[in-house]
Amino acid sequence: MSFSLKKDKSGVVVVGVDGQLIVGNRQELKQKVLDALDGGARKFVVDFAKTGYIDSSGLGVLVSLSKKIREQGGELRLAGLNEDLQTLFELTKLDTLFAITKTAEEALAAF
């Protein structure tokens, strides 16, 4: 499990989630994003192209980050959900909270 953060040329932070987003690693993701937010970043894309599973605590951290980023005048988008993850977001109605695109490139273009 690992997270990668990189800023694109327009200043959007792309967070790559490799593996699973679960109770054991959600704090690491949260801290990385909050550090970037404190550093002045306001636009974030979380790329789940290499993610197979998100548990309820992972969903909770995404909701928490979305709220925090919005309070700072920013925006969080999600990208690269596989079919199972897309279904999870639809069943939990979180697809109405997040802007979700098929690829990180589409999310970047939408800012």
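The values are calculated or read from the model by the stated rules, or taken from the named source; none is laboratory data. Quick caveat, the model's predicted, so the values are computed rather than measured. Using ideal geometry, Cβ is built from the backbone for each residue, glycine included, and neighbour counts are taken over all protein chains shown. Side chains included, ligands, DNA and RNA excluded: accessible areas come from the protein's heavy atoms. Shrake-Rupley method; radii C 1.70, N 1.55, O 1.52, S 1.80 Å.
Any chance the stretch 84-107 includes a residue that's under 19 Å from ASN25 (Cα atoms) and in a loop (DSSP other than H, G, I, E, B)? There is no residue in the stretch 84-107 that is under 19 Å from ASN25 (Cα atoms) and in a loop (DSSP other than H, G, I, E, B). Tallying residues that are among the acidic types (Asp, Glu) and either in a helix (DSSP H, G or I) or free of Cβ contacts under 8 Å to residues at least 12 places away in the same chain (or both) within the stretch 30-58 yields 2. Quick check on my filter: what residues within the stretch 63-83 are buried (at least 20 other Cβ atoms within 10 Å of the Cβ), in a loop (DSSP other than H, G, I, E, B) and small (Gly, Ala, Ser)? Residue satisfying the conditions is GLY80 alone. Selection within the stretch 6-32: residues that are within 11 Å of the chain's Cα centre (by Cα) and of a type outside the set (Lys, Arg). The member of this set that is nearest to SER57 (Cα to Cα) is LEU21.
So, of the residues in the stretch 1-15 that are open to solvent by 50 Å² or more (accessible area, probe 1.4 Å) and among the hydrophobic types (A, V, I, L, M, F, W, C), which turns out to be nearest to ARG42 (Cα to Cα)?
Within the stretch 1-15, the subset open to solvent by 50 Å² or more (accessible area, probe 1.4 Å) is 1-2, 4-7, 9-10.
Among the residues that remain, those that are also among the hydrophobic types (A, V, I, L, M, F, W, C) are: 1, 5.
Details: MET1: 25, LEU5: 14 Å.
Among them, the one singled out is LEU5.
Looking across the stretch 16-30, the residues that are open to solvent by less than 40 Å² (accessible area, probe 1.4 Å) and in contact with a Phe, Trp or Tyr (Cβ under 6 Å, 6 or more places away or on another chain) come down to VAL17, LEU29. Please specify each residue of the stretch 35-62 satisfying the condition of being farther than 11 Å from LEU85 by Cβ, loosely packed, with under 15 Cβ neighbours inside 10 Å and of a type in the set (A, V, I, L, M). Passing the criteria: none in range. Whenever a residue of the stretch 80-95 is among the charged types (D, E, K, R), it has no partner that is at pLDDT 95 or above and open to solvent by 60 Å² or more (accessible area, probe 1.4 Å) lying with C-beta atoms less than 7 angstrom away and at least six residues away or across chains.
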